[in-house]
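Student: Here it is, the structure, as structure tokens.
The values are calculated or read from the model by the stated rules, or taken from the named source; none is laboratory data. Worth saying up front: this structure is predicted, and the values here are computed from it rather than measured. Cβ placement follows ideal geometry from the backbone for every residue including glycine, while neighbour counts extend to all protein chains displayed.
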Amino acid sequence: MRRLVILKSVIELYIERGEPVGSRVIADEVLRDVSSATIRNDMAALEQMGYLHQPHTSAGRIPTSRGYRFYINQLMRREPLSEENRRRIEGELVMGDLNPQELVRSASELLADMTDCASISAAGRMNEAIITKVDVIPIGRRLYALLMGTSSGSAETRVVRLEIDVTPEQRAFFVRFIRENIVGTRIESLSNEKIVELGLGLGSYNVGLVPLLYGVYAITRALQQEQVSIYNESSILRHGILKPEDFALLLDQKQRIIELVESDPTGLTIRFGGSRGGLSLENSSLIISPFRQAGGILGYFGIIGPRRMDYGRVIPAVEAVADTVTRLLTDGLEEDRSKPVRPERKAGGIVVKL
């Protein structure tokens, strides 16, 4: 029990002060009835167990990734979302622009400001999104703009060149045929086999209109490619995660972030930088949480911050933003503007990886 108190105290004091914590500090400020020598022995034992690290022989201890992981899962006190942040979520998200793309952008900027960290949004993974609109507009001889909209708010356009002239009636037939067969379905359902099936269904129109059909397929594939946006990048320099001359390394992390979110798709996950399962940025932490629409994951929100961060405050903020965006994307938006924000989750359910 005493060692748990010591571990918790070392981590929280280190988060607060940014300096290695010695046994004398614990004896003076936390365990006043326990000798410094006894505390020092317990800290040495915690170091042998892999929870603490002594950067220098004469220095105090700092937490390891394993120590942070145990702290977050077992010892951390989760702070309730502050009333100020509740009001900001209400004012900037719930009562803001509810266009899905604008909502994701606003939520990312708000999360960066609430946590003083670099925020990330990984969006564009639209497997679960519903195709809501398809249209074909002539823009030149044998040139057509193919338009597709989804329930996530995405709208994609692709220019398609046909090999033969088609009549307005043929174009109208194609639009009607496609709308009847794919509007209202999930993007992930438009597989290679489905495209072949639709091609056969075009019948006598098949040869001339196949490029349009494959244009539809190309758009759906593009929508399923994850895209990462990073906000408040300067905080990564301010927190000492990167030096200015190494800032270009941040751009290389976008693909890594995509790989990480795709490997942990179900709940809030924390990964520590510099380890096999995290970013290559030493002394960083990545916290990510999915946002959904009607149960399907549309993307992720998260932050990149220092490993020495106030997890008890930051984690509820990430969850609150992701949960609010999920509700706004899923519910009937206009009638739900009057509902209160419900960001709290039950304790547990966090995946912390080294």
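Student: Determine the pairs where a residue that is assigned to a loop (DSSP other than H, G, I, E, B), located within region 175-193, has a partner that is loosely packed, with under 14 Cβ neighbours inside 10 Å and of a type in the set (D, E, K, R) with Cβ atoms under 9 Å apart, the partner being 6 or more residues away or on another chain.
Tutor: VAL183/LYS133; LEU190/ARG221
Student: Does GLU197 satisfy the criteria of being out of contact with any Ser or Thr (no Cβ under 7 Å at 6 or more places or on another chain) and within 24 Å of GLU163 (Cα to Cα)?
Tutor: yes
Student: Let me ask something additional. Suppose we filter region 68-87 for residues that are surrounded by 15 or more Cβ atoms within 10 Å (Cβ to Cβ) and part of a helix (DSSP H, G or I); how many remain?
Tutor: 8
Student: Do you know which of the residues in region 297-313 that are within 14 Å of the chain's Cα centre (by Cα) and of a type outside the set (Phe, Trp, Tyr) is surrounded by the most Cβ atoms within 10 Å (Cβ to Cβ)?
Tutor: GLY302
For (1) assigned by TED's automatic domain parsing to the domain that holds THR185; (2) closer than 27 Å to GLY240 by Cα, each residue gets a yes or a no:
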| residue | (1), (2) |
| --- | --- |
| MET49 | no, no |
| SER65 | no, yes |
| ARG69 | no, yes |
| LEU110 | no, yes |
| ALA118 | no, yes |
| ASP135 | yes, no |
| ILE139 | yes, no |
| ARG158 | yes, no |
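Student: Just name the residue that is modelled with the lowest pLDDT out of those in region 279-294 that are in a loop (DSSP other than H, G, I, E, B) and over 17 Å from SER263 (Cα atoms).
Tutor: ALA294
Student: If you don't mind, there's one more thing I want to ask. Quick check: anything in region 129-146 modelled with pLDDT of 85 or more and part of a loop (DSSP other than H, G, I, E, B)?
Tutor: Yes, region 129-146 contains at least one residue that is modelled with pLDDT of 85 or more and part of a loop (DSSP other than H, G, I, E, B).
Student: Continuing with the same structure: Taking ILE257 as the residue in question, decide whether it is modelled with pLDDT of 90 or more, hydrophobic (A, V, I, L, M, F, W, C) and either more than 30 Å from ARG61 (Cα to Cα) or not in a helix (DSSP H, G or I) (or both).
Tutor: no
Student: Another one. Only one of ILE6, ILE62, ILE72 is closer than 24 Å to VAL314 by Cβ and in contact with a Pro (Cβ under 6 Å, 6 or more places away or on another chain); which?
Tutor: None of the other options fit; the residue is ILE62.
Student: Considering ASP165, ASP113, which residue is of a type in the set (Asp, Glu) and either within 13 Å of ILE187 (Cα to Cα) or at pLDDT 90 or above (or both)?
Tutor: Exactly one residue qualifies, and that residue is ASP113.
Student: Counting just the residues of region 295-317 that are among the β-branched types (Val, Ile, Thr) and part of a strand (DSSP E or B), which one comes out modelled with the lowest pLDDT?
Tutor: Once the filter is applied, the top-ranked residue is ILE297.
Student: Just the residues that are in contact with a strand residue (DSSP E or B) (Cβ under 6 Å, 6 or more places away or on another chain), in a helix (DSSP H, G or I), touching a residue at least 40 places away in the same chain (Cβ under 8 Å) and closer than 20 Å to GLY312 by Cα, please, taken from region 11-59.
Tutor: Within region 11-59, ILE11, TYR14 meet the criteria.
Student: Restricting to region 20-40, name every residue that is surrounded by fewer than 13 Cβ atoms within 10 Å (Cβ to Cβ) and not hydroxyl-bearing (Ser, Thr, Tyr).
Tutor: Answer for region 20-40, where residues must be surrounded by fewer than 13 Cβ atoms within 10 Å (Cβ to Cβ) and not hydroxyl-bearing (Ser, Thr, Tyr): ARG24, ASP28, GLU29, ARG32, ASP33, ALA37.
Student: Of (1) touching a Phe, Trp or Tyr at 6+ places or on another chain (Cβ under 8 Å); (2) exposed (fewer than 14 other Cβ atoms within 10 Å of the Cβ); (3) closer than 23 Å to ARG186 by Cα, GLU102 satisfies all except one. Which?
Tutor: (1)
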